[in-house]
1. How large is the charge dipole for the chain, taken about the Cα centre, if only the Cβ atoms of Lys, Arg (+1) and Asp, Glu (-1) carry charge, to the nearest 20 debye?
2. What distance in nm separates the simple spin-label points at residue 1 and residue 62, each placed 7 Å from Cα in the Cβ direction?
3. Shape verdict for segment 103-236, please, from the Cα gyration tensor: rounded (a/c under 1.5), prolate (a/b greater than b/c) or oblate.
4. Amide H of residue 34: which non-local residues (sequence gap of 5 or more, or other chain) have their own amide H closer than 5 Å, using H built in the peptide plane?
5. Based on DSSP, what percent of beta bridges with both residues in the chain are antiparallel, to the nearest 5?
6. Quick query: amide H of residue 138 versus all other amide H atoms, modeled in the peptide plane; which residues come in under 5 Å with a sequence gap of 5 or more or a different chain?
7. Using only Cα atoms, what Kirkwood radius does segment 153-305 have, in angstroms?
8. So for the pair residue 307, residue 390, with labels modelled 7 Å out along Cα→Cβ, what separation do we get in nm?
Amino acid sequence: DITLSNRVQKIKPSPTLAITARAKALRAEGKDIIGLGAGEPDFDTPEHIKEAAIQAIRDGFTKYTAVDGIPSLKEAIIAKFSRENGFQYELNQILVSVGGKQSFYNLAQALLNPGDEVIIPAPYWVSYPDMVLLAGGIPVVIAAPQEQAFKITPEQLEAAITPLTRLLVINSPSNPTGTAYRNDELAALGEVLRRHPQILIATDDMYEHIYWGETPFCNILNACPDLYERTLVLNGVSKAYSMTGWRIGYAAGAPTLIKAMKAIQSQSTSNPTSISQVAAQAAIAGEQACVKAMCQEFKNRHDFVLEYLNGIPGVQTLAGSGTFYTFPNFQAAIASREDIKDDVELAENMLNAAGVAVVPGSAFGARGHLRLSFATSMENLEQALERIAAFLS
Ligand code: PLP
């Protein structure tokens, strides 16, 4: 037998990608499966973005580029930060990577030594803990239950901090809950962080543009501009522009950190795909009407799904401020059944008996919940919800 590294034995393949693959396999067997597991928008990439990429191929823009991204794309990202967020960056503060996933991966590799602790509020995006583990770090999970709208409190943050804490991860709006931190909540977390200058902050703003909260989108730098030096802002084009397959994400922060992350990237993937970079530039610098249209559609679906779910006995879900997920609590439904003991079994049963693919909350560090994605048509949503209601009744 081949002996594998200790490192790889600590992690598991992404559970969200696994459920999508399983639904696909069942469909290939001829089963009628509705997928609410997807972590990607169901829309096509907007035409002007595709055109830019086609032109790039025709122009022969098909060679290695600078490891950290082409200057024109980095300039477009800098302009985006200035225009939309009020943040100022120089070229040496931006790193373009192969999706938001690689941005966070680079960060973990560049920052963490074995035993370093990373605070991750749960429910969390499934990949944070595993990427921390791969870097030898220790995920320190703070549970933020539904009663707290899935948001951590300053007291919880203070209690989780130790001398080994290196990083706090904030993801708002959040995958899998759709809830977002308000400015005053971030200011309160910032107050705690000011007392612990050794801690860096990663704010994952991947869902910034899929947002309909009552107050404008904000991240911790809007609430606490003084944390600029130790905050890494992560974002990308995958979700906002329906470009998951193109694989472009980016990070902005302190030049030293960005330089270290770039070194990791230069010895792993090199530059992100040249053609995708041109497409991302067209997305970020171009007309933003497509983003608004997709966001509006997600909001409509959110409202529909929310009302439907909350009408099913034993199910309770919170209104989100963004993303294309909702994270209902099925605890009461689970408790009322002999044949199902937890959210993992509930998800399995829903797939096999009701033909609806969802991801168990445990994958996100929150038992008793399921993540439902509404990145699918209204028609599919109606059918899927009818099936879920029938299955539970
Ligand atoms: N961050 C969050 C919170 C996500 O949900 C995702 C994708 O699921 C990513 C980052 C990574 O996105 P990408 O496809 O650009 O790697």
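1. On the way: 32 positive and 41 negative charges, 198 e Å.
My answer is approximately 960 debye.
2. Taking the simple label geometry, residue 1 and residue 62 are separated by 4.5 nm.
3. Rounded, because the longest to shortest axis ratio a/c is under 1.5.
4. 356, 357
5. So the antiparallel bridges in the chain amount to around 45 percent.
6. Those qualifying (amide H under 5 Å, at least 5 residues apart or on another chain) are 115, 116, 117, 118.
7. Working: mean 1/r = 0.0582 Å⁻¹.
Result for segment 153-305, one decimal place: 17.2 Å.
8. Result for the modelled spin labels: 2.2 nm.
Each reported figure results from applying straightforward, stated rules to the coordinates on display, with no laboratory input. Only a predicted model underlies this, so the values are computations on that prediction, with no experimental measurement involved. Don't worry about glycine lacking a Cβ; one is built from the backbone with ideal geometry, like all the others, and counts go over all protein chains shown.
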